[in-house]
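Notes to accompany the following structure.
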Amino acid sequence: MRWSLGPRGAAIAVGIALVMGTPIAAVAQGGMAGMSGAKPDTTKPRAAAPAGHVHDGMAMDMGMPIPMPAGMPMMPGLVGLTPDVGEFLPGKGVDPRTLPMARPSQTIRLKNGDTLDLSATLVRRTVGRNTFTMYGYNGQVPGPLIRVTQSATITVRFHNRIDLPSTVHWHGLRLDNRFDGVPGLTQDSVKPGGDFTYTVHFPDAGVYWYHPHVREDIEQAMGLFGNVLVDPPDRSYYSPVNREQTLVFDDLLVNADTLIPFGWDAPDFVLMGRVGNVLTVNGEPHYAMTAAKGEVVRFYLTNVSSSRTYNISFGGAPIKVVAGDVSKFEREERVPSVVLAPAERYVVEVRFERPGRVAIVNAVQAINHFAGEFEPEVDTLGTVTVTGSAATPDYAGQFATLRSNADVATDIARYRRYFDREPDRTLRLTVATSALPLATVQFMNVDTAYFAPVEWMDGMPDMNWLSTGKQVRWILHDEASGKENMDIDWRVARGSVVKLRIFNDPKSFHPMQHPIHLHGQRMLVVSRDGVRTKNLVWKDTAIIPVGSTVDLLIDASNPGDWMLHCHIAEHLGAGMMTVMRVR
Amino acid sequence: MIRAAFGCALLAGAFLVTTRPDAPGSGPFDIPLFNTAKVPDARGAARLVYAASPFGVAVTADGHARYDVLIDASGLPTPSSLGEYDAYVAWAASTDLSQWERLGEVTNGQSIVGQVDMNKFLLVITAEPKGAATHAGPTVLHGTSPSSWLQNFLTHPLFRGVPP
């Protein structure tokens, strides 16, 4: 399935990126107001976009402003409709010529006790042949690569210099709850021009990332993301490699020469999340690197996309998966490719054995809902040019060895006695809708025979675009209490081990996979659909396919109020979140 | 005119949690198996479970899902009662029947047979001589992958501009 570019056109809730139907300004002032499951009044006329956030020249032309998969017509019943929200793009009223061009990420090595100034700013960013006004941290996309040693603590002085409230969430870190970056829960949102100082501790080795927790569907998508590499003090923690490289995967939704605007008073693309048609690695649509023949590269992979799940491979070069979100695996494994859901990270080692050009590809089987068929979708994300000169040292022997990590296995062994017990809590993933376009409702009512466990592409972007946070409420439904999302009263004792069962209901109105993220703790995926996980790893994000039941074992050792939510930005923005309170 | 009116129509009201009617299986992983006249008492069902993967979701490098196939069968007579056969064998066949992959032997009760990585496939259980590498014996149970129910909307009124 190839995407074609249609005719030009285009179309806040903040708080934990999440207050449905509440304008940003209101949330900036009111914090968590509206977080307790309040539903938007959909009987009101379309809300006017707040002053200063309507983009001249971006008004809808009532044509189809988003790219459709080639060969797929827009449903006639949707022609002429636009999302029931105001529209937003960064930098209204700012002369783009006054903005700095975004720079590639630069590595900042910090020691225990060091301080970093981190500014979210407007930048100009060239993607392909187009230059857009977007966001960046310290003028970089991705933001600075923060490199620290395990157990370090640093200070980050955050300066919000963008046109929206923001915060910084330190994804995957088991840090002090006060610095988790969740507005209305752990801090107030940082207004434009405001500052906030974070104390960030790094208890675990691995690759982590930072991003706003305010309207991720806008701020993260527009460039606010960066990695943290936490180096273990033990130099033998990983196998020796010739080089290390972070790869950050993202996708932008672009129509011809313009970004597709975002919903202002509520997210749009809420059924599936915004799936971009320009895929980038480290912010570039044509990522390139060079390697020597036989070079072993350790890649730290992060998916910062709003919704897209990737299946990454390296042109047939052998891949060894070493670590996941928060730890190494019990055992290293050879894999044909790496499945990377939003917010997940994996550490893999790849050996480039033969000279030539190696394509880094995302290869998936997309669903063409129009034709009722699967279609291969292969996107080349970048290239590795392997030269004829041999890598030194030669790590072929070490690469061929699949290590067993006794330290990880020993750590996990302490939790095995909890694996088979009954779940402490069961959440069912579902969705509620109201006032969707009739054609969308009718289509969903007739397209009931099959839903894929994982949707790798947006096969119906017209329907998806028109669905907003005013019309769709994604739900974590607590089976025991019947309560939903922020109404769930979830308290656990510090130091306890919590078994959480999550069932992704295939009979909901729009079944879809959800990457569920838990803040501030670590968890094990102990089983999927009753099958015990054979090779465990500590995670903070786990993909829950449609129809699957996944058992998570949470090490609730870190006190505080911690979000659990879907990391599809638009699902989060449409309410799919709750809080686990650890005391 | 009708299109415009249809297109602008919205359903108003409170948020509703709606559930979908039963699909042919109970989800994307379930395959009801149907018997043939040769085995009137046979019953069966299969379930697809993602093959072991460090990522939870198992796929090939080109993105095909990889599933272990679990089969639960009952009422299968002794294979020899159907002829010169020693075992029941499960096969995954492409929907045009051009490709057949041997998955493994099936008995009454639960059997875990091999992996399948086709987008759409038929699951066919036949009686075969021991160790048969190709299918030749009579079919006793059969079903289709849930993905085979993926609908074709090429001619659906929704795409032809006709209100439903």
Selected residue (only one of B:ALA90, B:ALA65, B:ALA14 is more than 14 Å from chain A (Cβ to nearest Cβ) and either surrounded by fewer than 16 Cβ atoms within 10 Å (Cβ to Cβ) or at pLDDT 95 or above (or both))
B:ALA90
Go through segment A:85-126 and count every residue that is within 30 Å of A:ALA574 (Cα to Cα) and of a type in the set (S, T, N, Q).
2
Here are the criteria: (1) within 10 Å of another protein chain (Cβ to nearest Cβ); (2) part of a strand (DSSP E or B). Tell me which single one A:ALA288 does not satisfy.
(1)
Regarding segment A:163-174, can at least one residue be identified that is part of a loop (DSSP other than H, G, I, E, B) and either under 17 Å from A:LEU110 (Cβ atoms) or at pLDDT below 95 (or both)?
yes
Failed criterion for A:THR380 (all others in (1) closer than 17 Å to A:THR280 by Cβ; (2) open to solvent by 10 Å² or more (accessible area, probe 1.4 Å); (3) within 12 Å of chain B (Cβ to nearest Cβ) hold)
(3)
Within segment A:465-484, residues being open to solvent by 10 Å² or more (accessible area, probe 1.4 Å) and either basic (Lys, Arg) or within 20 Å of the chain's Cα centre (by Cα) (or both) number 3
A:LEU438 is checked against (1) more than 30 Å from A:ARG421 (Cβ to Cβ); (2) open to solvent by less than 10 Å² (accessible area, probe 1.4 Å) and fails just one. What number does that condition carry?
(2)
Of everything in segment A:399-432 that's touching a His at 6+ places or on another chain (Cβ under 8 Å) and at the interface with chain B (Cβ under 8 Å from one of its Cβ atoms), which residue is nearest to A:ILE543 (Cα to Cα)?
A:THR430
Exactly one condition in (1) in a strand (DSSP E or B); (2) closer than 27 Å to A:ALA542 by Cβ; (3) among the aliphatic types (A, V, I, L, M) is not met by A:ILE154; state its number.
(2)
With a cut-off of at least 3 residues that are acidic (Asp, Glu), name the strands (runs of 3 or more DSSP E) lying wholly within segment A:197-258.
A:243-252
Does segment A:75-83 contain any residue that is closer than 22 Å to A:LEU164 by Cβ, of a type outside the set (Phe, Trp, Tyr), crowded, with 22+ Cβ neighbours inside 10 Å and within 14 Å of chain B (Cβ to nearest Cβ)?
yes
List the number of the failed condition for B:GLN110; all other conditions in (1) within 30 Å of A:PRO376 (Cβ to Cβ); (2) at pLDDT below 95; (3) open to solvent by 30 Å² or more (accessible area, probe 1.4 Å) hold.
(1)
If a residue must be surrounded by 14 or more Cβ atoms within 10 Å (Cβ to Cβ) and at positive phi, how many such residues does segment B:75-87 contain?
1
Go through (1) modelled with pLDDT of 95 or more; (2) open to solvent by 10 Å² or more (accessible area, probe 1.4 Å); (3) under 22 Å from A:ASP505 (Cα atoms) one by one and return the number of the condition A:ASN558 breaks.
(3)
Name every residue in segment A:433-455 that is in a loop (DSSP other than H, G, I, E, B) and more than 7 Å from chain B (Cβ to nearest Cβ), in order of residue number.
A:GLU455
Count of segment A:398-424 residues which are open to solvent by less than 50 Å² (accessible area, probe 1.4 Å) and either more than 18 Å from A:SER557 (Cβ to Cβ) or among the aromatic types (Phe, Trp, Tyr) (or both):
7
Subset of segment A:456-470, residues more than 8 Å from chain B (Cβ to nearest Cβ) and not in a helix (DSSP H, G or I), comes to A:MET457, A:ASP458, A:GLY459, A:MET460, A:SER467, A:THR468, A:GLY469, A:LYS470
Could you check, for segment A:333-342, whether at least one of its residues is at the interface with another protein chain (Cβ under 9 Å from one of its Cβ atoms), open to solvent by 10 Å² or more (accessible area, probe 1.4 Å) and of a type in the set (Asp, Glu)?
yes
Of all residues in segment B:115-156, which are more than 10 Å from chain A (Cβ to nearest Cβ), out of contact with any Lys or Arg (no Cβ under 7 Å at 6 or more places or on another chain) and open to solvent by less than 20 Å² (accessible area, probe 1.4 Å)?
B:VAL116, B:PHE121, B:LEU123, B:VAL124, B:ILE125, B:THR126, B:ALA127, B:GLU128, B:ALA132, B:GLY137, B:LEU141, B:GLY143
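The values are calculated or read from the model by the stated rules, or taken from the named source; none is laboratory data. Bear in mind the structure is a predicted one, so any value in this text is a computation, not a measurement. Cβ: placed from backbone, ideal geometry, glycine included. Neighbour counts: every protein chain shown. In case anyone asks, the SASA skips ligands and DNA or RNA and just uses the protein heavy atoms, side chains included. Shrake-Rupley method; radii C 1.70, N 1.55, O 1.52, S 1.80 Å.
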